Amino acid sequence: MKRAILALAAATAILLGLPAAALAGPVDPAKAPVVGNVDTSGYPDVRLEVRVAGDAPSPTDFHLRENGAVVPEGSLTVRPLAQTSRPVGTVLVIDTSGSMKSKGALDQAKAAAHQFIAGRGPNEWIAVVSFSSAPIIRSSFTQDAAALGSAIDGLAAMGETALYDGLITASHLYDQRPELQPNLVLLSDGSDSISSGTRAQAVAALGAAHTTVYAVGIASSEFDPAVLSQLVGSDGGSTSTTGNPIDLTAQFARIRSAIENQYEVSYRSASGGGALAIELTVGGASTQVQTRAGAVGAVATPTAVIQSHDLFTKPGGKGLLLLLAALAAGLAAFALIVIFTRQDDTLDTRLGVYGGAAPPVENAADAPSGSSLIESGFVRRAVGITSRMAERGGVLVKVERLLEQANLPLRPAEALFFYGAGVVLVGVMAIASAPSPVVGLIFAALVAALPIVVVRQLRKRRLKAFEAQLPDTLNLLSGSLRAGYSFLQGLEAVAQETSDPMARELRRVLAESRLGRPLEDALTDVATRMESNDFDWSVLAIRIQREVGGNLAELLQTVAETMIERSRLRGEVKALTAEGRISGIIMGLLPVGLGLFMFTASPTYIDDLFGSATGWAMVIGSALMAAAGFAWIQKIIKIEV
């Protein structure tokens, strides 16, 4: 009993720990990696430019799937963009309108810009654009620190705020330098007041340049933070607001860290060309991109962030989770076996209940509290509730007959209870460990159906074996009667000579007969239990012969020969209808197999089918028509003999 308690405690601890390990919570979409560019021009070599929010990850935090297949970590090369030959371009767009004189905002902006320029990488090119009543290009892309410093020092606050014109001008700087990886740092303290261009044109220009916008706003009466958010968009940039210009140095330092937190991820593709669906995971957050082999500078299409689990992003994490789930299930099963199995199942123990003498107990702490623990306490109440619920719908009788036909020595109420408990346990673990609830529910449904399929298969095999043994059994019984045995003696002889399941059923008939039950009733129950029309006819012939007389041996031999001829005819019909049966199976499985192949080979191609109501209607309609066609074929080839 102590071992059972320890096993249950261990299983409970593991199950309580699984949700904490598996369901680490949804990942913040703002922390999802952003793939700014995918270059497959050198296919099969593929390069991705990735921006990561937050702390700098390590190379081992990057994981990648291509068309659903995991790319081995040894094949991934992860390098900071500053350590590659890829040139980086950054445009400083600074508001120099008259309002920037307030609180020394422009002086603080100059200091922050000088620090930003001083921290540039060896492959970074910087340009400076200012805007007041009109945009001015203070410096085109250069790596000359002195020229950039002079451009910053020459800034002066005056005029209106041509915010949108400044952004459009800055975006067009990349037209002459398309090889640069684009970034734009915007500083403004007010809303647009004089631009000839519109906000939509500014957003379009930024999108055409594929630039990442980092916007910093200085709070004022004219400032609108919503405008900055619209300008940043969803391309991995950021927006922030400060009420004190002194904070600008810290804001620009944060932007410098964000620009440096970009990486080049490269690997060698094994897909064979065509469409590429790439899923990149960094630190628990994932992003999907679509491109094609051989594309030059293909830009990733934006997709929703996948809410992945931290445990799944680590190598072998899912396998570890499944291993823990299996261990918990094994410990729970061990505990149930220890609880519900008698520890001292000897003859003295069984007779002691009737003789009044209790068997010796080695350890008083392990002494059973009753005749059977399975009939007391929580398990007894749970089994009783299950029995009453199943009995109302007639399920208990059906389960009992199914277990008898499959020759499984289980009580139907107990079988139903433990089956339901097992399905719930496995279902919870499947949903917790699966990549999505739908996959978990499908796996749980398969696990729930497995015991039913196994029991029905055992039943079918046993009934079929019984039918196959019946002609030989009748011949043996006929021979025994000709040798001078009585009918009961003949049954006993046949039970000793034949094998299961026939031998087991005949031994049960003999036992019931010795206990006083009429022999014909016991034989009729065998026919009902084994669902055998042939045996039912044999029992009917025996019953008639015992009432009116006649040669029972010849009658049984005639019945056996008839069964053999019918069996031969069934075999011929089965051979003639084999082609139709195979056609039905192929026609039924072909759509499912083809769908699974397409889902494995190109998930993005078939995702559209399940992404709309029309697609689901087509799937359901096709499934119904396929099922109707399969049933029709089966009805045609089914010939009663």
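The values are calculated or read from the model by the stated rules, or taken from the named source; none is laboratory data. Here the structure is a predicted model, which is why all the values come from computation and not from measurement. Using ideal geometry, Cβ is built from the backbone for each residue, glycine included, and neighbour counts are taken over all protein chains shown.
Assorted remarks:
- I194 passes every criterion in (1) surrounded by 17 or more Cβ atoms within 10 Å (Cβ to Cβ); (2) in the same structural domain as G98 (by TED's automatic domain parsing); (3) not polar (S, T, N, Q) apart from (1).
- Any hit, the range 434-452, residues being touching a residue at least 60 places away in the same chain (Cβ under 8 Å) and not assigned by TED's automatic domain parsing to the domain that holds E497: yes
- Restricting attention to the range 122-146, the residues that are surrounded by fewer than 15 Cβ atoms within 10 Å (Cβ to Cβ) and of a type in the set (G, A, S) total 2.
- Complete set of residues in the range 607-640 that are within 25 Å of Q290 (Cα to Cα), polar (S, T, N, Q) and in a helix (DSSP H, G or I): T614
- Failed item, numbered, when I431 is tested on (1) under 21 Å from L552 (Cα atoms); (2) within 19 Å of the chain's Cα centre (by Cα): (1)
- Screening the range 1-105 for strands (runs of 3 or more DSSP E) wholly inside it with 1 or more residues that are modelled with pLDDT of 85 or more, more than 23 Å from R268 (Cβ to Cβ) and of a type outside the set (D, E) returns the ranges 88-95.
- Checking each residue in the range 46-61 for being charged (D, E, K, R) and closer than 29 Å to G294 by Cβ picks out R47, E49, R51.
Yes/no matrix, rows are residues, columns are (1) β-branched (V, I, T); (2) closer than 20 Å to A527 by Cβ; (3) modelled with pLDDT of 80 or more:
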{"position": "E414", "(1), (2), (3)": "no, no, no"}
{"position": "F417", "(1), (2), (3)": "no, no, no"}
{"position": "A421", "(1), (2), (3)": "no, no, no"}
{"position": "M429", "(1), (2), (3)": "no, no, no"}
{"position": "L450", "(1), (2), (3)": "no, no, yes"}
{"position": "L463", "(1), (2), (3)": "no, yes, yes"}
{"position": "G479", "(1), (2), (3)": "no, no, yes"}
{"position": "R482", "(1), (2), (3)": "no, no, yes"}
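- Contact annotation: residue pairs with Cβ atoms under 8 Å, 6 or more positions apart or on different chains, pairing a residue in the range 589-611 that is not assigned by TED's automatic domain parsing to the domain that holds E66 with a partner that is hydroxyl-bearing (S, T, Y) and in a helix (DSSP H, G or I), are P591/S622; M598/Y605.
- Every residue from the range 564-604 that is closer than 21 Å to N533 by Cβ and touching a helix residue (DSSP H, G or I) at 6+ places or on another chain (Cβ under 6 Å): I564, T577
- Pick from the range 83-121, criterion surrounded by fewer than 18 Cβ atoms within 10 Å (Cβ to Cβ) and of a type in the set (A, V, I, L, M, F, W, C), ranking: nearest to Q143 (Cα to Cα): A118
- All conditions in (1) outside any loop (DSSP other than H, G, I, E, B); (2) modelled with pLDDT of 80 or more; (3) under 30 Å from E505 (Cβ atoms) hold for L408, with the sole exception of (1).
- Considering K103, K110, the condition of being in contact (Cβ under 8 Å) with a residue 12 or more places away in the chain, out of contact with any Ser or Thr (no Cβ under 7 Å at 6 or more places or on another chain), on the phi > 0 side of the Ramachandran plot and in the same structural domain as P245 (by TED's automatic domain parsing) is satisfied by K103 alone.
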